[in-house]
Structures are given as C-alpha cells and as structure tokens.
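Student: Sending over a structure as structure tokens; questions will come in a sec.
The values are calculated or read from the model by the stated rules, or taken from the named source; none is laboratory data. These numbers were taken from a predicted model, which means no experiment stands behind them. Virtual Cβ from ideal backbone geometry, glycine too; neighbours counted across all protein chains shown. Side chains included, ligands, DNA and RNA excluded: accessible areas come from the protein's heavy atoms. Shrake-Rupley method; radii C 1.70, N 1.55, O 1.52, S 1.80 Å.
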Amino acid sequence: MRLLLVEDDEHVAAALVAVLTRHGFDVTRARGGEEAITHLRTRTFGVVLLDLGLPDLDGFEVCGRIRRIAAVPIIMVTARADIRSRIHGLNLGADDYVVKPYDTGELLARIHAVARRTGPEEEPAAPEAREGVLSLGPITVELATRQVSVDGRQVALTRKEFDLLALLAQRPGVVFRREQIISDVWQTNWKGTGRTLEVHVASLRSKLRRPELVETVRGVGYRLAVPAA
C-alpha cells in the first residue's frame, strides 16, 4: 500500500518511515502541507498520515484541501488531545484521529482498519477536463465562471448549490459524507445544519432536471452518479 506521511519533524518521520517500510508500506514523506497537496495531485495513496503542526499550513486546512481533490483515507496524528480538535478534524473529513504519543501497533491497526473500510487504492478516474472545466457525462461544470450545463442546457444555480455540485464533481462516483459537505461548502460544523443540506440537495436535483445524478447513500452522504458512457 502506498502511504503519504505528512510530518515535518525529522526524528519522528524517520522512525515512522522505518516502521512503516518494515511492515510493507511504500512510504512517501511530505514535510509540509503544500508538498502533500502536490503529491496527491500526481499520485494515488492508500492512506494519508497527517500531522497538524506543519510549518507552512495548519493541518486542519490541509485536511480540507485534500478532501476537495481526493477521497483517500486520512488519519490525523497529532499531540492535540482536546476534544474540540478531535471533533473538528473528524468533521473536516478525517477518518481517524490518533494522539501522540501512541503505540505503534495501534497505529498500524488503525491504518489497516481505514484501508479495509475504503477498499483498495485505485488510480482516480478523473473527469474529462480542459482548464477549469469538468465534463461529466451530461454535466459540464465551469469552475472559473461558475456556469453549469446539463445536456447542453444552461442551469442557473445559487452560490451554495454551485459549490455543492462542484465539490461532488471533483470526485464523481465517490461518496462525500454529510459532515464533510457541510464543512467544505458552509465552512461550519455539522450540528444543526443537516436540514440545510437536504434542502440544497433537493433544489439542485430539481434545477438539474436529472435528480438521479445526485445520489443519496443512506446513512452516509451523497455522490455524483455519472452514467457510464
């Protein structure tokens, strides 16, 4: 399994790379958030281990940016033990949260657990795109101009409806959890906003006139279901 380790501390990183390599992982190490994002734009990883105390970006910001481009499992590995940080990290889209110092055996078990839940890593089937334009079957999403068309028909969306569709369109077929959508689109936590999301999904389906394109995954969230060509 390819694993991306985002850790700026040389001693911590060296020890982790040695242990992970010994247990069969193909480890790529990033020393900061921007470097991690660059790796994720060019390669597919089975798991990301993300430290929060990075020199260039806050780890929470890095998690949110990863979630906008990849569905890879993220385990936050940090000294921040307070409950608010744990909740915030999980709401941003982290799959697990491990507090330092930790037992290496437990960390390995957690890596294997999130990998089992998400299935084997695959190279993403990226949407056909020219610069800033996502072409997904009948849907075209122009990110720069915030324009959307379905079957060649222009669709007028509100700001949040567009942001919701654009998020799903980044990873067609991938399920986005409700908490993750709320965090990315509304920049807030999940509490008390569930109904808001449901209303926007219903409105988006109505305006697209193809309600089956925005699919509900019961108990989890939503995904963009693009018909096979």
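Student: Just the accessible area per residue of the chain, please: how many Å² with a 1.4 Å probe?
Tutor: 50 Å²
Student: When only C-alpha pairs under 8 Å and at least 6 residues apart count, what is the relative contact order of the chain, in percent?
Tutor: Details: 356 pairs, mean separation 32.3, N = 229.
Once divided by the residue count of the chain, the mean separation gives 14 percent.
Student: Here are labelled values, [x] 19.2; [y] 18.6; [z] 17.9, and one is the computed Kirkwood radius over Cα pairs in Å for what I pasted. Which one?
Tutor: Here the calculated entry is [y].
Student: Sum -39500 (n - 2.57) across every DSSP H segment of at least 4 residues in the chain, then divide by the residue count to get the 222 nm mean residue ellipticity, nearest 500.
Tutor: Mean residue ellipticity at 222 nm (helix-derived): -13000 deg cm²/dmol.
Student: Have a look at GLY64, ALA14, ILE111 and report the one farthest towards the positive end of the charge dipole of the chain, computed about the Cα centre with Cβ charges (Lys/Arg +1, Asp/Glu -1).
Tutor: Among GLY64, ALA14, ILE111, the one farthest towards the positive end of the dipole of the chain is GLY64.
Student: Report the gain in length on full extension from ARG205 to ARG41: 0.36 nm times residue separation, minus Cα-Cα distance, nm rounded to one decimal.
Tutor: Here the answer is 56.1 nm.
Student: Report the gain in length on full extension from LEU108 to VAL217: 0.36 nm times residue separation, minus Cα-Cα distance, nm rounded to one decimal.
Tutor: The span from LEU108 to VAL217 would gain 36.3 nm if fully extended.
Student: To continue, here is another question. Kindly state, to the nearest 0.05, the FRET efficiency for ASP151 paired with THR196, given R0 = 35 Å and r defined as their beta-carbon distance.
Tutor: 0.80
Student: Taking all protein chains in place and a 1.4 Å probe, what share, in percent, of the accessible surface of the chain do carbon and sulfur account for?
Tutor: Here it works out to 51 percent.
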